[in-house]
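Below: the structure, in structure tokens.
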Amino acid sequence: MSGMDFQTILDEINTELRPLLGTGGKVASYIPALARVSPLQFGIALRTCAGQTAQAGDSATPFSIQSMSKMFSLTLAIRALGEAMWDRIGREPSGSPFNSLVQLESERGIPRNPFINAGAIAVADRLVSQGDAKVELLALLGRLCGEPIHIDAEVARSEADTGFRNTALANFMKGFGTLDNDVATVLDVYFNQCAIAMSCEQVACAAGYLCRDGRHPLAGTPVLSAAQARRVNALMLTCGTYDAAGEFAFRIGLPCKSGVGGGIVAVVPDRLSLCVWSPGLDGTGNSWLGRQALELFVAKTGLSVF
Ligand code: GLU
């Protein structure tokens with residue numbers, strides 16, 4: 001297994017899937033800046049725990065990481081707050097859409113988990129209480145990738161201009177006492193974190209601490225404790241891919257976190273971190289081709305947590 005030729009495997013996946021570009025999936029249209037992205041792109045990249053890299057297709061093209069940022073903001077919040085992070089945020093799959101208001105009302109403003117929008121907004125609130133959350137998040141990502149990471153200002157503006165449901169979720173939580181800071185400040189952090197642009201290669205590197213018991217992918221220093229990293233992986237498996245988490249576990253069997261920009265990051269504990277990207281989404285909001293790429297990767301390598 002250790003001698004697996006990952007470069008050949010990723011090249012094969014790229015060759016097999018590229019002809020499917022444009023035949024399925026739809027680019028997210030509810031954020032205008034995302035609707036303009038060409039759907040005819042596919043990238044895949046991985047980085048092993050030993051530092052070996054492999055990549056294919058549009059793996060160096062930056063894209064909007066969107067909800068994949070929720071994994072990194074959660075990491076920052078756990079680092080800052082430890083167990084207290086969970087005081088007003090749950091850990092159960094939601095079983096309802098990522099921007100649902102209904103569940104939040106019946107559960108009195110406590111979001112089900114940190115990966116639905118309400119949960120990520122509550123995490124952003126905790127980060128605002130700790131300092132300059134935007135700066136901290138970019139600094140963490142820059143350290144994890146070993147190069148500077150930026151926010152796409154146009155996407156951030158587009159998020160803010162059209163983020164009516166997110167504004168409703170935040171106001172709702174503020175009304176229930178789930179947020180400590182003012183709504184506008186918290187949403188500014190949330191909209192900007194969604195607008196961070198990274199490539200598959202950068203995301204695969206940045207997520208490296210999740211397959212290495214919490215240790216920094218380049219320096220080996222602790223980013224999270226081993227127990228905390230295990231918990232982030234558990235949440236990714238159960239809540240990381242919207243309402244398709246069960247199907248992802250069934251077909252792929254890896255902790256994954258997706259975003260409506262078309263990226264999906266996956267973790268093979270103790271082996272590697274992997275990122276796929278293709279902007280066309282399926283009906284569950286996950287990358288249509290990205291999901292097929294992960295299925296192929298698991299089929300070809302036999303790597304899965306199960
Ligand atoms: N900015 C998006 C929103 O909150 C993120 C959605 C996503 O990637 O799931 O609507």
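What are the residues in the stretch 177-190 that are surrounded by fewer than 24 Cβ atoms within 10 Å (Cβ to Cβ) and either within 16 Å of the ligand (Cβ to nearest atom) or within 30 Å of GLN7 (Cα to Cα) (or both), if any?
VAL183, ALA184, LEU187, ASP188, VAL189
Among the residues of the stretch 56-94, which ones are farther than 21 Å from VAL128 by Cα and either within 16 Å of the ligand (Cβ to nearest atom) or of a type in the set (Phe, Trp, Tyr) (or both)?
The answer is PRO62, PHE63, SER64, PRO93, SER94.
For the stretch 277-300, does any single residue satisfy the condition of being on the phi > 0 side of the Ramachandran plot and touching a residue at least 12 places away in the same chain (Cβ under 8 Å)?
Yes, there is a match, as at least one residue in the stretch 277-300 is on the phi > 0 side of the Ramachandran plot and touching a residue at least 12 places away in the same chain (Cβ under 8 Å).
Which members of the stretch 280-306 meet the condition of being part of a loop (DSSP other than H, G, I, E, B) and either open to solvent by less than 10 Å² (accessible area, probe 1.4 Å) or hydrophobic (A, V, I, L, M, F, W, C) (or both)?
Correct list: GLY280, ASN286, LEU303, VAL305, PHE306.
If we keep just the residues of the stretch 95-113 that are modelled with pLDDT under 90 and small (Gly, Ala, Ser), which is nearest to the ligand (Cβ to nearest atom)?
Applying the filter and picking the extreme gives SER100.
Exactly one condition in (1) within 17 Å of GLU16 (Cβ to Cβ); (2) among the aliphatic types (A, V, I, L, M); (3) within 16 Å of the ligand (Cβ to nearest atom) is false for MET236; which is it?
(1)
Do you know which of the residues in the stretch 261-279 that are in contact with a strand residue (DSSP E or B) (Cβ under 9 Å, 6 or more places away or on another chain) and surrounded by fewer than 24 Cβ atoms within 10 Å (Cβ to Cβ) is nearest to SER64 (Cα to Cα)?
VAL268
Kindly evaluate ASP270 against the criterion of being free of Cβ contacts under 8 Å to residues at least 60 places away in the same chain, away from the ligand (no atom under 14 Å from the Cβ) and at positive phi.
Here the answer is no, as ASP270 does not meet what is asked.
Each row is one residue, and each column tells you yes or no for (1) in a helix (DSSP H, G or I); (2) closer than 25 Å to GLN41 by Cα; (3) among the β-branched types (Val, Ile, Thr); (4) within 15 Å of the ligand (Cβ to nearest atom).
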site	(1), (2), (3), (4)
ARG126	yes, no, no, no
GLU147	no, yes, no, no
ASP161	yes, no, no, yes
ALA206	yes, yes, no, no
TYR209	yes, no, no, no
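On the basis of being within 16 Å of the ligand (Cβ to nearest atom), over 30 Å from SER129 (Cβ atoms), exposed (fewer than 13 other Cβ atoms within 10 Å of the Cβ) and modelled with pLDDT under 95, does SER29 make the cut?
Here the answer is yes, as SER29 does meet what is asked.
Would you mind stating whether THR75 is β-branched (Val, Ile, Thr) and exposed (fewer than 15 other Cβ atoms within 10 Å of the Cβ)?
no
Go through the stretch 214-259 residue by residue and tally those that are part of a helix (DSSP H, G or I), at pLDDT below 95 and open to solvent by 60 Å² or more (accessible area, probe 1.4 Å).
The total comes to 1.
What about ARG47, is it surrounded by fewer than 20 Cβ atoms within 10 Å (Cβ to Cβ), closer than 23 Å to ILE196 by Cα and of a type outside the set (A, V, I, L, M)?
No; evaluated as a whole, the condition is false for this residue.
The values are calculated or read from the model by the stated rules, or taken from the named source; none is laboratory data. The model shown is predicted, which means the values in this text are computed figures rather than measured ones. Heads up, the Cβs are rebuilt from the backbone with ideal geometry, glycines too, and the neighbour counts pull from every protein chain shown. For the accessible areas, the whole protein counts, side chains as well, though only heavy atoms, and no ligand, DNA or RNA atoms are used. Shrake-Rupley method; radii C 1.70, N 1.55, O 1.52, S 1.80 Å.
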